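The numbers here are math on the coordinates, done by the rules we state, and not lab data. Every value quoted in this text rests on a predicted model; they were computed, and no experiment measured them. Cβ coordinates were reconstructed from backbone atoms using ideal geometry, including for glycine residues, and neighbour counts include every protein chain displayed.
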Amino acid sequence: MSARRHEQEDPDRYFTITGGRRDASLDLVALVVAEIGPLPGMSSEQVRILRLCRDAPVAVVELSAHLALPVSVVRILLRDMLADGRITVRHPVSAPEPEQLPDLETLKQVLVGLHQL
């Protein structure tokens, strides 16, 4: 999807979808999982999100691409759905700090012991 597509969109549509709210912080690679199916009265964008996330987790940035909406708009929709319990968000886990990793020498000894079995 090109930036040009978003430039051609009517900004009033985004305002309507978000209710005029600003970007809600949510990691681009956070995975979204649907907890319920679509319900009457939900917006078409929310219904599409639930359908996309029904069978497997989908990243926030992927949802933006599928919906052809800016990430900032999708983040706001997801925050609303999260607050209502309609989705679960799995945030990425950072790599452990070097001091939290196992000792390299111990790992080598374990590997040698496994090879000797």
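The table that follows gives values for the structure above.
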item	result
Listed peptides 89-102, 33-46, 71-84 by packing density, highest first (mean Cβ within 10 Å)	71-84, 33-46, 89-102
Whole-Hz couplings from phi, Karplus 6.51/-1.76/1.60, listed for the range 35-43; x for Gly and Pro	9, 9, x, x, 10, x, x, 6, 5
Phi-based couplings in Hz for the range 51-56 (Karplus 6.51, -1.76, 1.60; Gly and Pro marked x)	5, 5, 9, 5, 9, 7
Listed residues LEU114, ALA68, PRO40: farthest to the positive end of the dipole of the range 35-117 (Cβ charges)	PRO40
Length added when fully stretched, GLU97-ALA65, from 0.36 nm per residue minus Cα-Cα	8.2 nm
In sequence order, calculated HN-Hα J values of the range 73-80 (Karplus, 6.51, -1.76, 1.60; Hz; x Gly/Pro)	5, 4, 4, 5, 4, 5, 4, 4
